Each structure stands twice: as C-alpha cells, then as structure tokens.
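S.K.: One structure coming up, written as structure tokens, with questions to follow.
Every number here is computed from the coordinates shown, using simple stated rules; none is lab data. Note that this is a predicted model, so its numbers are computed, not measured. Here the Cβ positions follow ideal geometry from the backbone for every residue, glycine too, while neighbour counts run over all protein chains shown.
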Amino acid sequence: MDTYDFLNIPDSCFIGNTIYKKLFYENADLSTSDKSLFTDTISKITWLYCLKPETINIPAYKDEVRDYPEVEVIEVLVHKDYKLKRIAEIIMRTIPYPMVLIFKLEAKRKLYVAHQRTNQNDSSKNTIEEFIATDWLDSDSALFAKLDIKQMRFTNFYALYSDIVDTISIYNLSTIIPTDDNITGAEARELSAQIEDIEQEITSLRAKLKKESQFNRRMELNIEIKRLEQNKNKLLGGDRL
C-alpha cells in the first residue's frame, strides 16, 4: 500500500510537497534534544493532502473555541519507533491545523490525530487536546477501509475531522474489547481511558509489591491488584464500571 487511496480524497486536494525540518527548527522553538530527535528519527516529512473549501466541497468551521479552515494529511517517514508522540506534538503545534499525521516505518503505519482549540491568550497558537494514536498497522489493517472520507460528514471541517477521530477511537477500542455499531467515539475514548488507567495502576502496585517486605502490606497490595484486574476484566467484556 504505497498510496493513500483508502482515504478516497479527491486529486484536487493532493499536494505531495516535502516539508523541510528547517521549518520546525526556525518556528517551533525546539530544545537541543528536540532538534536531535528530528534529526535522528525522521528521514522525510511530506505534505500529502490539503482539504480546504477551494479543493473539496466542505465549508470551513469557526466558533469561539475552534478554527478549522482546512484539514491536512501529513506523512512522516521515520528510521525508528522513538518518541513519536513528542514529534507529533511538535508538528501539530507548528502547523496549527487539524491533521491526520501518518508515521511510516518500513511497511507499517501509525496514525495520530488530535482536536485543537484556539489559544485564548494568543490566537496564532493552538492548544492540542487528547492525542489519539493507533498501534503500528499492517497494510491489510481493517482500519483503512473505515477511513474513506466520503463515508463521513461533509457538513464542515470540524464534523469531518470529528468523524475521523471517532473512527480511529472506535477502531482502537475494538482491538481490545468487543464493540458494536452503536458505540460513539466519545464512549470509545472513555472506555479506552478507563482501561489504560487501570493498567497503569496495576503496574504501579506490582512495582510496590516487589519492594514490599511486610507480609500484611503484601497481602493488601495483592488484594487491590486482584480487585483492579476484576474491574479490567469487566471492561474487557464490554461492561462499564
């Protein structure tokens, strides 16, 4: 899968231009470690598509909180899987438009999306909301068939981008628990967050258990871990807490 035909984006939106790292070095106020991260991890950044009213029949969206005049699709070729969330954050802050950011490592792809809000103190800047990222996807991943934008709302760019975010959120949840057609993107994100919180708490308690020498305290930790595992198993069965 060397193209992005699965997105079903019109040719009128195609850009195909290289975005040089210099853009980020000069505009993103990067630390030395961030510059090294870009240099050592990224081989090429490509602006694949720009969806805007002039190239696709979708109106811009703006309210007191958000300004979505267009949506970008950007590909980042990387040498290794290293601090990709930080790279995504830098790119999304520097290019202040909602985007589908696609990391490519050999034949695999990993997608990042995140809603954005206008910074109330500086309208030229944006505030990144929750990052939604996939695992590394093979070329035959079921997600790609779900990302056909012509199956999404063309009401405005906020509606379209919300559908993209929700599609990825529901797919991510479907890889770990049973889902049905009725679940919403917000519900999928909520359940995913609950599962992740429980897993992090279990990991923390197990680390404490390894260091604990008192028998009674070890028993308490084991009981708490067991309770959390039961809650996690309920969620994995599709039940809410």
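S.K.: Per residue of the range 156-170, what does 6.51 cos²θ - 1.76 cosθ + 1.60 with θ = phi - 60° give for ³J(HN,Hα)? Whole Hz please, x for Gly and Pro, Karplus curve as stated.
M.R.: 6, 6, 5, 5, 4, 5, 4, 5, 5, 4, 5, 4, 5, 4, 5
S.K.: Determine the equivalent ellipsoid of the range 153-220 by diagonalising the alpha-carbon gyration tensor, then write out the semi-axes as square roots of 5 times the eigenvalues, largest first, rounded to whole Å.
M.R.: Whole-Å semi-axes of the equivalent ellipsoid: 40, 11, 8.
S.K.: If you don't mind, there's one more thing I want to ask. How are the alpha carbon pair distances in the range 181-233 distributed across 10 Å bins from zero to the largest one, expressed in percent?
M.R.: Once binned at 10 Å, the Cα pair distances of the range 181-233 give 24, 40, 22, 11, 4.
S.K.: Could I ask something else about it? So for the range 70-190, averaging the separation of alpha carbon pairs under 8 Å that are six or more residues apart and normalising by length, what relative contact order in percent results?
M.R.: 18 percent.
S.K.: At a Cα cut-off below 18 Å, give the lysines reachable from Lys85, other chains included and same-chain residues fewer than 8 away excluded.
M.R.: Lys21, Lys35, Lys44, Lys104, Lys108, Lys110
S.K.: Counting only C-alpha contacts under 8 Å and six or more residues apart, can you give the relative contact order of the chain as a whole percent?
M.R.: Relative contact order comes out at 15 percent.
S.K.: In whole Å, what are the extents of the chain along the principal axes defined by its C-alpha atoms, from largest to smallest?
M.R.: On the principal axes, the chain reaches 67, 46, 41 Å in Cα extent.
S.K.: Under 20 Å Cα to Cα from Lys62, which lysines show up? Leave out anything in the same chain fewer than 8 places away.
M.R.: Lys52, Lys125
S.K.: Any idea how far apart Glu64 and Asp11 come out in nm if each label point goes 7 Å out from Cα toward Cβ?
M.R.: Placing both labels 7 Å beyond Cα along the Cβ direction yields 4.5 nm.
S.K.: Which order, highest average first, do 162-174, 205-217 follow once you tally other Cβ atoms within 10 Å for each residue and take the mean per peptide? The partial results should precede the final answer.
M.R.: Values: 162-174: 20.8, 205-217: 10.8.
Answer by packing, highest mean first, reads 162-174, 205-217.
S.K.: Per q in 0.10, 0.16 1/Å, what log10 I(q)/I(0) does a Debye calculation on the alpha-carbon atoms of the range 43-140 return?
M.R.: Once normalised to I(0) and log-transformed, intensities are -0.29, -0.71.
S.K.: Oh, and also: Per 0.36 nm of contour for each residue apart, how much would the distance between Leu236 and Thr155 grow if the chain were fully extended, relative to their Cα-Cα spacing?
M.R.: Full-extension gain reported as 25.7 nm.
S.K.: Taking 0.36 nm per intervening residue step and subtracting the Cα-Cα distance, what contour gain separates Thr3 from Lys44 on full extension?
M.R.: Answer, rounded to one decimal: 13.2 nm.
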